[in-house]
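Following: one structure in structure tokens, then a few remarks.
The values are calculated or read from the model by the stated rules, or taken from the named source; none is laboratory data. Quick caveat, the model's predicted, so the values are computed rather than measured. All Cβ positions, glycine included, derive from the backbone under ideal geometry; neighbour counts span all protein chains shown. Remember, those area values only see protein heavy atoms, side chains included, never the ligands or the DNA or RNA. Shrake-Rupley method; radii C 1.70, N 1.55, O 1.52, S 1.80 Å.
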Amino acid sequence: MSRSKLRLTVKRLWASALAAVIAAASFSSCEGAGGAQKRTVFAMDTLFEQTVWGASEDLFTKTAGLLSQLETVYSHTDPDSELYLLNEAGNGKISDDLKRLLDIAAEVYEASDGAFDPGLGLVTQLWERSEGAVPPGDDITAALAASGYGKVSFENGEIHLNGVRLNLGGIAKGAAAGQLLYECICSEASGGIISCSSSIGLTGTKPDKSKFKIGVRDPDGDGNEYIATLELSDCILSTSGDYERYFISQDNVRYHHIIDPATGYPAQSGLRSVTVVSSGVSGDDDLFYTGAVTDALSTAVFVMGLGEPSLKLLEDFSMEAVFVFDGEIYATDGLEDSIILTDGGYSLKTAE
Ligand code: AMP
Ligand code: MG
């Protein structure tokens with residue numbers, strides 16, 4: 001990769017508040033402003049909110065069916081899902097749907113040097129079950145030693161977990177959002193927002209032909225405050241932030257849900273959030289893939305922090321990103337014209 005390609009326009013926003021991304025639009029009602037059709041489906045432990053203009057009802061029938069199918073494969077918590085059953089069994093034949101997502105996860109695992117690791121389930125489970133306390137160090141060491149996607153093997157058409165527990169929580173929702181966006185693009189819709197927790201798919205425009213405004217959330221706020229907006233369309237974006245699931249220990253340390261596979265503890269890259277934005281998408285693309293990669297990269301980059309390795313990783317996948325630190329936001333140059341600051345006192349820098 002050439003140095004010039006690595007050049008970034010860096011936007012540095014001095015703020016007391018920090019960020020991640022939320023849709024600035026409201027999704028609470030069924031009939032929105034400008035005749036928007038709104039549907040909310042709970043699947044894969046999250047709400048999928050579809051706000052669409054000019055689609056036929058067939059779209060929502062199709063996406064509801066798709067979500068219920070994806071849920072049967074990828075659900076983290078449903079004891080009947082294929083992923084759950086595989087984790088219990090430890091080996092066996094897997095469906096094409098599960099193999100498809102595992103292949104994408106493996107690609108990002110390799111490309112990120114293991115910063116995104118779909119084989120961290122034993123470790124993430126330990127933290128999830130610790131109920132607001134730091135798990136014993138020996139338990140973390142043991143779980144980490146038994147983890148890692150590199151231990152997983154495929155033989156004679158079967159997967160062998162070899163003691164590893166899979167966790168696709170950092171990739172599956174983005175894949176699903178991408179698949180729903182694909183269906184939206186293929187419908188007669190003139191515009192649409194597909195939003196599921198931290199992944200958002202955008203196509204077309206609002207009825208007034210304007211792009212969508214996506215808020216950069218203040219992670220120390222209550223979830224309704226944001227310090228900048230991104231004006232975007234025809235893309236998928238995913239955010240990883242330290243405010244989503246966390247606890248604060250007695251000595252005032254924030255323990256969040258994104259684990260550094262090198263330590264087994266929550267990543268400490270200095271980032272408070274990162275939002276990864278795909279390049280332009282269309283109905284000719286495999287948006288399940290694009291959504292999955294966008295989601296997995298947000299997790300990987302959150303672990304890696306801002307630096308040459310993460311910037312190269314993003315560039316290799318043709319993605320842009322907004323990095324948020326305490327009091328600072330950096331954006332790659334492809335987002336230069338999309339960011340609108342919501343507060344005064346920010347400064348803009350270009351880094352080369
Ligand atoms: P995200 O919000 O997309 O960054 O996904 C975070 C979720 O992915 C966590 O709640 C864990 O279930 C899982 N996870 C945590 N750390 C990692 C990691 N380093 N690689 C892959 N998945 C992870
Ligand atoms: Mg992710």
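Per-structure values
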item	result
Count - residues of the stretch 235-253 that are more than 12 Å from ligand 1 (Cβ to nearest atom), of a type outside the set (A, V, I, L, M) and either under 14 Å from the mean Cα position of the chain (by Cα) or open to solvent by 60 Å² or more (accessible area, probe 1.4 Å) (or both)	4
Qualifying residue in the stretch 291-301 (condition: crowded, with 24+ Cβ neighbours inside 10 Å and over 20 Å from residue 261 (Cα atoms))	yes
Residue within the stretch 312-334 that is within 13 Å of ligand 2 (Cβ to nearest atom), surrounded by 24 or more Cβ atoms within 10 Å (Cβ to Cβ), assigned to a loop (DSSP other than H, G, I, E, B) and touching a residue at least 24 places away in the same chain (Cβ under 8 Å) present	yes
Any chance residue 204 is at positive phi and either under 11 Å from the mean Cα position of the chain (by Cα) or more than 16 Å from ligand 1 (Cβ to nearest atom) (or both)	yes
Residue match in the stretch 312-323 (condition: within 19 Å of residue 216 (Cα to Cα), at pLDDT 95 or above and more than 16 Å from ligand 1 (Cβ to nearest atom))	yes
Hey, residue 258 within 16 Å of ligand 2 (Cβ to nearest atom) and either open to solvent by 40 Å² or more (accessible area, probe 1.4 Å) or in contact with a Phe, Trp or Tyr (Cβ under 6 Å, 6 or more places away or on another chain) (or both) or not	yes
Out of 78, 58, 45, sole residue that is away from ligand 1 (no atom under 16 Å from the Cβ), farther than 17 Å from residue 178 by Cβ and touching a Ser or Thr at 6+ places or on another chain (Cβ under 9 Å)	58
Residues of the stretch 233-264 classified as closer than 18 Å to residue 323 by Cα, hydroxyl-bearing (Ser, Thr, Tyr) and modelled with pLDDT under 95, total	1
Qualifying residue in the stretch 208-217 (condition: open to solvent by 20 Å² or more (accessible area, probe 1.4 Å) and within 16 Å of ligand 2 (Cβ to nearest atom))	yes
Condition met for residue 231 (out of contact with any helix residue (DSSP H, G or I) (no Cβ under 8 Å at 6 or more places or on another chain), closer than 30 Å to residue 136 by Cβ and not basic (Lys, Arg))	no
Members of the stretch 74-96 that are within 28 Å of residue 314 (Cα to Cα), buried (at least 17 other Cβ atoms within 10 Å of the Cβ) and free of Cβ contacts under 8 Å to residues at least 40 places away in the same chain	75
Those residues of the stretch 129-174 which are more than 16 Å from ligand 2 (Cβ to nearest atom), within 25 Å of residue 293 (Cα to Cα), part of a helix (DSSP H, G or I) and of a type in the set (D, E, K, R), in sequence order	151
Residue that is buried (at least 22 other Cβ atoms within 10 Å of the Cβ) and either touching a Ser or Thr at 6+ places or on another chain (Cβ under 8 Å) or free of Cβ contacts under 8 Å to residues at least 40 places away in the same chain (or both), where the choices are 229, 275	275
Any strands (runs of 3 or more DSSP E) falling wholly within the stretch 194-243 and containing at least 3 residues that are of a type in the set (S, T, N, Q)	235-241
Qualifying residue in the stretch 94-117 (condition: assigned to a loop (DSSP other than H, G, I, E, B), more than 13 Å from ligand 1 (Cβ to nearest atom) and more than 16 Å from residue 169 (Cβ to Cβ))	yes
Among the residues listed as 282, 240, 249, the single one being within 30 Å of residue 139 (Cα to Cα), of a type in the set (Gly, Ala, Ser) and more than 16 Å from ligand 2 (Cβ to nearest atom)	249
Unique residue being farther than 18 Å from residue 100 by Cβ, surrounded by 24 or more Cβ atoms within 10 Å (Cβ to Cβ) and hydrophobic (A, V, I, L, M, F, W, C) when the list is 200, 171	200
The stretch 54-81, subset aliphatic (A, V, I, L, M) and not in a loop (DSSP other than H, G, I, E, B), residue farthest from the chain's Cα centre (by Cα)	59
